[in-house]
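Here is the structure we will look at, set down as structure tokens.
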Amino acid sequence: MKQPISNIPVFILCGGLGTRLKEETEFRPKPMVPIGNHPVLWHIMHLYRRHGFRRFILCTGFKSEVIKSYFLNYNSMNSDFTVDLKSNALTVHSIDHDEDWEVTVAYTGEETMTGARIAMAAEKYLGDAEHAAVTYGDGLCNANLSAELDFHMAHGKLGTVLGVHPPSRFGEIQLEGNRVAAFMEKPKFQEKWINGGFFFFKRDFFAKYLSKNPECILERTPLVCLAEESELNIYKHRGFWACMDTQRDRDHLNELWNTGKAPWAPGFDFIDTLATDVALTQVP
């Protein structure tokens, strides 16, 4: 029987220091940096929810208390409430939001690397799930994640990674001799694919390839070994993808959201992307 999407856990990496976004992360973890009126983490969770996912395990570390406070107070901060100041009794009136998420906040250490964070959280919260999603707390896209899941379940390998084209930060000049034949501002390199950060894994991956050693980095030994053993397939996405690494990235995402042009937002269609069953031989 196919595992219902609503039961598939989504592990989100939320514990990094976010040093390249120091203007925003001095007082909060990067996933809590706002895009519009909500943290980028909220946008990521909504992206998954639109495809039917609702179980989220947040692998926290740096300033985890900010994430804990956000979700502990989510109902009161998004609804009317009454508090009796003498007894401290709180009454939340009609819930004024639509989120039906099940959120587990799992503290995984201040300086733990990505692979170890997932291993620690999975040991406690993977449960009997046969498949799980993994992503970062700073990336957005308009990929059809439910189609990626279907592809993952169909090909039988242990892992699937969303592949995306790296956007260029610089214009490209095409020459004919010394003559500029064409000028393209910020082109995409159509023949190159990078890790887009939206993964699906079978449960065996968590036990066999990850380690709770704090130095275990997901993108190194676990994914490299998975690829070398032909157990990692790529699901190619040709639509929108962005990673909030810098203040410039954050400003761009805010502009898209505030002008109603955010491709990941409700009202925009998800892109059915080009899948391939050719296993990766390396992960950039």
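Quick notes on this structure:
- Lysine pair number, Cα distance threshold 23 Å (strictly under), the range 1-130, separation 8 or more or different chains: 8
- Rounded if a/c under 1.5, otherwise prolate or oblate - the range 1-148, Cα gyration tensor axes: oblate
- Total charge dipole magnitude, the range 1-110, about the Cα centre, Cβ charges on Lys, Arg, Asp, Glu only, Debye to nearest 20: 420 debye
- By a 1.4 Å probe calculation restricted to protein chains, HIS38 has an accessible surface near 50 Å², given to the nearest 10.
- 4 °C / 1.567 mPa s Stokes-Einstein diffusion coefficient of the range 2-83, Kirkwood radius on C-alpha pairs, µm²/s: 93 µm²/s
- Heavy-atom surface analysis with a 1.4 Å probe gives the chain a carbon and sulfur content of 51 percent of its accessible area.
- Computing FRET efficiency as 1/(1 + (r/R0)^6) for TYR125 and LEU17, where r is the C-beta to C-beta distance and R0 is 22 Å, gives about 0.40.
- Over the chain: helical MRE at 222 nm, DSSP H runs n ≥ 4 each giving -39500 (n - 2.57), nearest 500: -7500 deg cm²/dmol
- Once the Kirkwood radius over Cα pairs is known for the range 70-125, the Stokes-Einstein relation at 20 °C and 1.002 mPa s delivers a diffusion coefficient of 152 µm²/s.
- Computed from point charges on the beta carbon alone (+1 for Lys and Arg, -1 for Asp and Glu), the dipole magnitude for the chain about its Cα centre is near 220 Debye.
- For the chain, Kirkwood radius (reciprocal of mean inverse C-alpha pair distance, Å): 20.2 Å
- Under the convention that each Lys and Arg Cβ holds +1 and each Asp and Glu Cβ holds -1, the size of the dipole of the range 229-273 around its Cα centre is about 220 debye.
- Just checking the listed ones, GLU148, GLU231, GLU111: in the Gaussian network model of the chain with Cα springs under 10 Å, the one fluctuating most is GLU111.
The values are calculated or read from the model by the stated rules, or taken from the named source; none is laboratory data. For clarity, every value in this text was computed on a predicted model and none was experimentally measured. Positions of Cβ are backbone-derived with ideal geometry, glycine not excepted, and every protein chain shown enters the neighbour counts. Ligands, DNA and RNA are excluded from the accessible area calculation, which covers all protein heavy atoms including side chains. Shrake-Rupley method; radii C 1.70, N 1.55, O 1.52, S 1.80 Å.
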